[in-house]
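Contents: one structure, followed by commentary.
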């Protein structure tokens, strides 16, 4: 059980619990370039947390730090009440963190179902040989995993493309399949890197509904990066705003909207 | 005769038929639904238990005898059970079109005064909540899929499975009440109320009695020898009378199995997996399927294409004759058999028609080419003519007497007569009880002797006794010259071209006929792709000069064939316009069953019609559109008006 101090209730009545993940004074450099400078924020259990900012603000780098893909030069990442040692991606996945990518990273030649099944990989214990021979526990295990994959397919309403190779799908559906694969891992924390980039209004609305439903139905904590301000403000409980690698705002959508620094970063400041 | 006796001796209601099936076909599948990638099935005895639990749950919530229970959602077994459970407790189910906009839904729910509403998912819950303020009698809503509904106020909202659980828990207290309510159901009690989509005015609630439904189901099942072994796929709207008769009436009468698709987008895959033996589809579905087949054949390799063309030609020649058991030479039979192995069989399998024994199409006229295509493959596709007020069946084509230009002979127990103005009247055991709360309309439609006006003009063909429908009686008019104007006749001829989706012809009281045309995006889009014609939107494609030329050729071809008909040669299309948007039910231009609403279109596009008649070359217009969520927007466009070649009208002009 996490420390529940400072838990809060959202405007629509959801109870947000303790801190799941905390960034403490993170600084990330690539050679001489400082991508992230001394940023701290937390993600609480059950909330939808957004990271926004103009192009090149360091949002994706931040998400990669959260997912353990980048190891920051300074600062600590705390997960469930203790500092997280440097980990390889699969170890992070085992901790219950799943993600999607800005530029879709699916197996193009495989069917939607197979792609979603890869999300179950960390939950499979039988060996390669047992699975190939279809002997012993392998069969029961696959059945159980398939059931979860099918529930996710049903949840995201992609039944009609279950057996379609991913390469043949339009962009909006690929994004949905990627979300399906992440969900199949039954994550506690879901990281979404620009889930709505390049979508039309209708696809965006669908995606918003799915994100809200995931949060509501499975109680999954969600951290997302997004460009579309309207979407972010509607969707998220709390927002971190970044600009040039620095945090310039943190709070509820209303607070952030009223923040002068945020307004300047988005609309520009006159220099005369 | 034994079945007739059963009908009169015991099975006087759908719940009574359920009890019979639960013993007679206890372990036979009654309903299937694909969920989580697997076909889940329920036997008749399981269905009996599920319905009983729901009926007890409804009693527990306080459903009274004579209440109306609205049912809204896509085809799912649970919703079919809801209808029967409602009947079990003496209430009347009212299925409502699930894609109806909130306003339409509010009218229907308010008109019948539904106290209870059973819906599929969050979308429907939201819609009902949106309109509930004005619904004074509305009390409780039950939903199937809990997704997204966790946070909602559950004072008047219940999950389907919870209602059943509560029903099971209260079994001992309520079972006597349930049994006594079922026992008093008579043959003349209302079985269901269905709202007609209404080409004019507000929808009307058609009340059908147990007698209407059971007699119609019995007659039609016997007409086509339907037995308990049939499989059907339930995918047409639940609020449509046909679905009610097929998926409840005939299913409960004969005990066959109803299969529900996984979701609307998987229909074609599910159709293939189930392989129904009894299939119904409006002409549009057959048209779309044929268009898809043709598009895929265009993309196929040369060898396959040639094989397909060669054997389809042969099938067109002998297929229909074989189906009608007419004499065919041994050589042709052998060639057809080879074709069946190479082409027809695999094609039918892909379409999901391998096992179809009886197939029906109705609602609109079907193109002779489309009709012949399916029949030549050996699919026993037939036409029927019916309406909600008749509990579907008025006429149907018996095996061996199938033609594309008639709608068949009267169904068993149906009497037909033709009125003085050419309108078709019928009388049958299926004739509806009344329009709910609308005695004037009831009296207008049904005379004291039980004859019902169909509103369609037609005639009975001499010799064969088949009925032929010309058009809606009120649409058949006179042109300024006095010659006969039958828009549907011309529209149908044009719609048989794959490029054309919808046509509206104008000309009543005018000198000449003109037309609005909608292109078919699938067919024309594919053609554009193959010819390297770039387009960004429907509007742009519809305005492409090459597309306009192709449509003009179609119009001229139709004019030639119309000119050949003495009576209707005045209906040739002089000028036409290809519309910049698809006619849509959401904009009120079509009914939910996709029939054209002429008056509304005439009002809405008055500017374009004016331009069609004043000789201008083009017209600029702005059209309001309604999105599915009820918001409105507008499209503006400049449309080109084209003149088509017409042939001189036959010398027997009435005006001369």
- request: Could you work out which residue, out of A:77, A:201, A:65, moves most in a Gaussian network model of chain A, that is, has the largest mean-square fluctuation with Cα springs under 10 Å?
  value: A:201
query: Taking only DSSP H segments of four or more residues, each worth -39500 (n - 2.57), what value at 222 nm results for chain B once the sum is divided by all its residues, to the nearest 500 deg cm²/dmol?
result: -11500 deg cm²/dmol
- request: Let me have the relative contact order for chain B, percent, based on Cα pairs under 8 Å that are six or more residues apart.
  value: 10 percent
message: Could you check the spin-label model distance between residue B:188 and residue B:171? Points 7 Å from the Cα along Cα→Cβ, value in nm.
response: 3.8 nm
- line: Computed, not fitted: 222 nm per-residue ellipticity of chain A from DSSP H runs ≥ 4 (each -39500 (n - 2.57)), nearest 500, equal to -10500 deg cm²/dmol
message: On a full-extension model of 0.36 nm per residue, what is the gain between residue B:333 and residue B:447, subtracting their alpha-carbon distance, rounded to one decimal in nm?
response: 35.8 nm
message: One quarter of the convex hull surface, Cα atoms only: what value does that give for region B:283-472 in nm²?
response: 13.1 nm²
- prompt: Counting DSSP beta bridges in chain A, what percent are antiparallel, to the nearest 5?
  reply: 60 percent
- line: Between residue B:627 and residue B:413, the FRET efficiency computed from the C-beta separation at R0 = 35 Å comes out, to the nearest 0.05, as 0.15
Region B:1-156, relative contact order [Cα under 8 Å, separation at least 6], %: 17 percent
- prompt: Taking the DSSP beta bridges in the protein assembly as shown as the whole, what percent of them are antiparallel, to the nearest 5?
  reply: 60 percent
Percent RCO, i.e. relative contact order, over chain A, from Cα pairs under 8 Å lying at least 6 residues apart: 25 percent
- prompt: If one takes the longest principal axis of the Cα atoms in chain B, at what angle in degrees, from 0 to 90 and to the nearest 10, does the Cα axis of helix B:521-530 lie?
  reply: 50 degrees
- prompt: How high is the FRET efficiency from residue B:161 to residue B:27, r the C-beta distance, R0 30 Å, rounded to 0.05?
  reply: 0.80
query: Applying 1/(1 + (r/R0)^6) with R0 = 35 Å to the Cβ-Cβ distance of residue B:530 and residue B:265, what FRET efficiency is obtained, to the nearest 0.05?
result: 0.85
- prompt: Roughly speaking, what is the centre-to-centre gap between region B:414-485 and region B:125-190 when only Cα atoms are used, to the nearest Å?
  reply: 40 Å
task: Please give the helix B:102-112 orientation as an angle from the longest Cα principal axis of chain B, in degrees from 0 to 90, rounded to the nearest 10.
output: 50 degrees
task: Looking at chain B, send over the antiparallel percent of its DSSP beta bridges, to the nearest 5.
output: 60 percent
- request: Return the distance in nm (one decimal) between the two label points of a simple spin-label model at residue B:549 and residue B:313, each offset 7 Å from Cα along Cα→Cβ.
  value: 2.8 nm
field: Folded to 0 to 90 degrees: helix B:330-339 orientation relative to chain B principal axis, Cα
entry: 70 degrees
query: When you count, for each residue, the other Cβ atoms within 10 Å and take the mean per peptide, how do A:137-146, B:475-484 rank with the highest first?
result: B:475-484, A:137-146
task: Take the alpha carbon atoms of region B:230-248, find their center, do the same for region B:555-605, and report the distance between the two centers in whole angstrom.
output: 30 Å
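Quick note: the coordinates plus some simple rules give every number you see, no bench work behind them. Just so you know, these numbers come straight off a predicted model, no measurement behind them. No Cβ is skipped: glycine too gets one built from the backbone with ideal geometry, and neighbour counts run over all protein chains shown.
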